[in-house]
1. Among the residues of the range 67-82, write down those that are free of Cβ contacts under 8 Å to residues at least 60 places away in the same chain and farther than 13 Å from residue 44 by Cα.
2. Can residue 47 be described as over 18 Å from residue 167 (Cβ atoms), under 21 Å from the mean Cα position of the chain (by Cα) and in a loop (DSSP other than H, G, I, E, B)?
3. Given the options 147, 89, 136, name the one that is surrounded by 13 or more Cβ atoms within 10 Å (Cβ to Cβ), in contact with a helix residue (DSSP H, G or I) (Cβ under 8 Å, 6 or more places away or on another chain) and modelled with pLDDT under 90.
4. Whether any residue in the range 10-32 is surrounded by 20 or more Cβ atoms within 10 Å (Cβ to Cβ), touching a strand residue (DSSP E or B) at 6+ places or on another chain (Cβ under 7 Å) and in a strand (DSSP E or B) is what I want to check.
5. Does the range 43-61 contain at least one residue that is in the same structural domain as residue 118 (by TED's automatic domain parsing), crowded, with 22+ Cβ neighbours inside 10 Å and closer than 28 Å to residue 115 by Cβ?
6. Answer with yes or no whether residue 24 is assigned by TED's automatic domain parsing to the domain that holds residue 193 and farther than 22 Å from residue 107 by Cα.
7. Does the range 107-116 contain at least one residue that is touching a helix residue (DSSP H, G or I) at 6+ places or on another chain (Cβ under 8 Å) and at pLDDT 90 or above?
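The values are calculated or read from the model by the stated rules, or taken from the named source; none is laboratory data. Only a predicted model underlies this, so the values are computations on that prediction, with no experimental measurement involved. Ideal geometry is used to build each Cβ from the backbone, glycine not excepted, and the neighbour counts take in all protein chains shown.
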């Protein structure tokens with residue numbers, strides 16, 4: 001029987017959370033009284049997560065597992081979960097229980113009423129420092145400024161999406177993936193559901209500052225070319241600054257103010273820094289083009305658990321393309 005709901009759970013070194021996540025998801029989904037599947041994607045974990053997932057799959061027929069051959073990243077793991085999901089609606093939720101599974105029935109209700117995407121909108125963010133809250137707040141506002149107002153603020157990947165929307169997102173082949181932006185770009189009827197985000201259940205975050213910055217860069221560069229225009233504005237700025245400096249130096253020479261020459265090296269350093277910044281921005285976009293044209297698979301699957309032999313599955317590493 002085809003499930004109504006597929007719950008996609010990306011996992012990377014989540015041995016401290018897996019059992020609690022499975023327990024709470026099972027209680028919620030079983031209570032909804034409709035067929036479902038729990039699809040855990042092991043993103044190359046190096047702790048006991050793979051063994052624990054295999055054990056869960058062996059004793060719970062609702063649990064299906066996809067094991068990656070190597071760590072491919074959170075966004076790739078979610079994408080794989082959507083590739084393997086067979087439900088009419090797909091729920092995306094992390095294994096750390098910061099996004100409470102108990103919100104899923106309300107998402108399902110809104111879906112039944114006609115919403116095609118129900119995305120979680122955070123009212124509060126427990127267990128997060130002021131720096132992370134502040135940077136997240138201003139990043140979402142910057143993204144809306146650069147890429148358009150269709151991108152909702154204070155949201156993550158936690159959402160329920162109709163099969164039709166999932167198929168559209170699956171058909172997007174890019175490697176530098178920013179899924180919350182891809183869902184927003186897809187359109188359809190999307191509604192927010194406010195909730196309080198909890199502190200991480202156990203363990204440490206797997207999204208340090210470096211990964212957060214990379215995800216933020218993917219979000220900006222995947223949906224806006226405006227950073228490329230910075231080179232134009234920097235060029236105009238330094239043409240103006242150069243003209244003003246030339247005028248000042250000329251006046252300084254005529255008036256005998258020799259000390260004004262000290263400003264020239266500073267101006268040259270600032271101009272050189274701006275040029276290098278512009279080159280870096282262009283290079284970052286070019287690097288993404290290089291990554292795409294190589295055509296490598298987004299992920300490589302080493303093994304699966306819990307799928308019926310008769311089910312047609314994607315070959316390891318394959319992606320759905322339009």
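1. Passing the criteria: none in range.
2. Working: over 18 Å from residue 167 (Cβ atoms): yes; under 21 Å from the mean Cα position of the chain (by Cα): no; in a loop (DSSP other than H, G, I, E, B): yes.
Judged against the criteria, residue 47 is not a match.
3. Values: 89 fails: modelled with pLDDT under 90; 136 fails: in contact with a helix residue (DSSP H, G or I) (Cβ under 8 Å, 6 or more places away or on another chain).
It is 147.
4. yes
5. There is no residue in the range 43-61 that is in the same structural domain as residue 118 (by TED's automatic domain parsing), crowded, with 22+ Cβ neighbours inside 10 Å and closer than 28 Å to residue 115 by Cβ.
6. Values: assigned by TED's automatic domain parsing to the domain that holds residue 193: yes; farther than 22 Å from residue 107 by Cα: no.
For residue 24, the condition - assigned by TED's automatic domain parsing to the domain that holds residue 193 and farther than 22 Å from residue 107 by Cα - is not met.
7. Taking the range 107-116 as the starting set, the residues that turn out to be touching a helix residue (DSSP H, G or I) at 6+ places or on another chain (Cβ under 8 Å) are 116.
Still in the list and also at pLDDT 90 or above: 116.
The answer is yes; a qualifying residue exists.
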